[in-house]
């Protein structure tokens, strides 16, 4: 009497390493990276300056930084929250966190080009700059007032401290991740506690350091403007793009083992819902910031929006609203799309593009030639060529990181559940 | 509809969702169409196993949400532009950014209520009586830890003796006959 109830569970394949096709991704990414670099160089010649290369470089930095450090943050959040969706993503997120050296190199380029990008770095003598009409009175006041914070030394020190902290957490979590798998299953409860104890403070430290980073890197492009929600906006934006990337990676990996075995529609659906939540939170924060500044209508704050709405920028911000929110929102509402591998990947690829588009809208109008004046130049095309090249090289590096370890963390109580048929734990 | 009499169906009880899903899938394959699964929590595979098709809840939710959006936006426009125009900081009376938040809240509110009540209505609730309540094991187990498959007497394949033997072949905990 009684059927065998538990013999329907799948078993993990013996080889948990990255499938062979990851090599193909790497080659393709390198090729795209090289071609885009050549295009970027040609565009710089056509434009006759590297100003836009650096601006676009900043976009690429923020995007890849979002994946590397945002991936680290999502990894820590997952250790705190638990959940089967996270067991899937642990190794891909660990791999993303180990791309930090490349992001650091990207950052160095910005750090050594401060004068080309940041008004506060370019202006030495505020009085003379004001007299010559280079900067406005508001800018002169802001640059002088914020000098203790906005100066090259502070930029360097803050950046180095942030990278050191992220590096520390990346190192800890990655080393312990392997040790955990080598340990006996009897020690699992201790490991869970241990990871929680690292990740709890880690998430807090991360939110502070990344707030500092984006204030220096992006917000300070306009020295007069400030927004108290800025760090949170980027934090949520990182979750938005990290989840999109993770879904693309998990589904693409599921064409081969071991992800073929462990990626079930249930967890894919969960990840889709999670992403949807961040699509919502993202527009919530972005719109709150706009509504508050629009309501206040103060001369210290409103020019930032006017720079980004007037002079045809209104077209970009309208498209940004559609690309960044409305399209992912409406598509991710659908249960069928969230459960369909191909379509969900398409939506996530779109979200990565939308994130870059949003960053373009955030970065470019900071500069005098572009504020309230959207116009064509060869240079503006760098916003396509440079980030594509940077992302491509990042992806190639990420592939090598994926190939260095097994793709599944095995010492986890969720592993047995993820191998069971879905109706067992509905 | 006149009150029905006689047998409503045969109810098989299982201990695990896995057994239920396998039995339901097989029954559907064998041509059963008047059948239903009863579980203490949602088991999506059971719904798929008996050929559950799409329902209208998403549509009801969408229409409800859009109604909320339009209703609130129009209400705000009517108040601010027509009924009680106020000069607030020199802004135009039609200041759409300020209307977004309440309009969004109403979208969510109406969509949520439409989903909840639409689901209840499309489920045929409230229903005060169901024949399955006559089965003591159903009363005790359906909302706690038991999984049930009911093959209904309305199905042309139904035969009290053969169907009982058929259900028994799935090795359930029990098979009971349910009266209307």
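Nothing in this text is a laboratory measurement; each read-out follows from the coordinates by a stated rule. Every value quoted in this text rests on a predicted model; they were computed, and no experiment measured them. Please note: Cβ atoms are built from the backbone with ideal geometry, for glycine as well, and neighbour counts cover all protein chains shown.
Okay, here's what the table says:
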| read-out | value |
| --- | --- |
| Ordering of A:195-207, A:58-70 by burial proxy (mean other Cβ atoms within 10 Å per residue, highest first) | A:58-70, A:195-207 |
| Rg ratio (alpha-carbon, reference 2.2 N^0.38 Å) - the range A:213-364 | 1.17 |
| Cα shape, the range A:16-173, gyration tensor, a/c 1.5 rule | oblate |
| Rounded D (µm²/s) - the range A:40-96, Kirkwood Rh over Cα pairs, Stokes-Einstein at 25 °C, 0.890 mPa s | 183 |
| Alpha-carbon Rg/Rh ratio, for chain A, with Rh computed the Kirkwood way | 1.00 |
| 222 nm mean residue ellipticity, helices alone, for chain B (DSSP H n ≥ 4; -39,500 (n - 2.57); rounded to 500) | -14500 deg cm²/dmol |
| Inter-part distance where the range A:245-291 and the range A:91-125 are each reduced to a Cα centre, Å | 27 |
| Within 10 Å of each Cβ in B:41-48, the average number of Cβ atoms from other chains | 3 |
| Chain B: angle of helix B:57-77 to the longest principal axis, Cα-based, in degrees nearest 10 | 10 |
| Spatial separation of Cα centroids for the range B:85-152 and the range B:1-54, in angstrom | 25 |
| Neighbour-count ranking [beta-carbon atoms within 10 angstrom, fewest first] of B:130, A:141, A:375 | A:375, B:130, A:141 |
| Computed [θ] at 222 nm, helices only, for chain A once each DSSP H run of length n ≥ 4 contributes -39500 (n - 2.57) | -23500 deg cm²/dmol |
| Shielding by partners - mean other protein chain Cβ count within 10 Å, residues of A:287-300 | 2 |
| Choice from B:104, B:14, B:170 with maximal GNM fluctuation in chain B (Cα, 10 Å cutoff) | B:104 |
| Gaussian network model of chain B, Cα within-10 Å springs - most flexible of B:86, B:122, B:66 | B:86 |
| Nearest 10 degrees, 0 to 90: helix A:84-97 Cα axis against chain A principal axis | 50 |
| Rel. contact order, % - alpha carbon contacts under 8 angstrom, at least six apart, chain A | 36 |
| The range A:121-165 shape via C-alpha gyration tensor axes, a/c threshold 1.5 | prolate |
| Cα convex hull of the range B:1-142, projected area averaged across orientations, nm² | 13.7 |
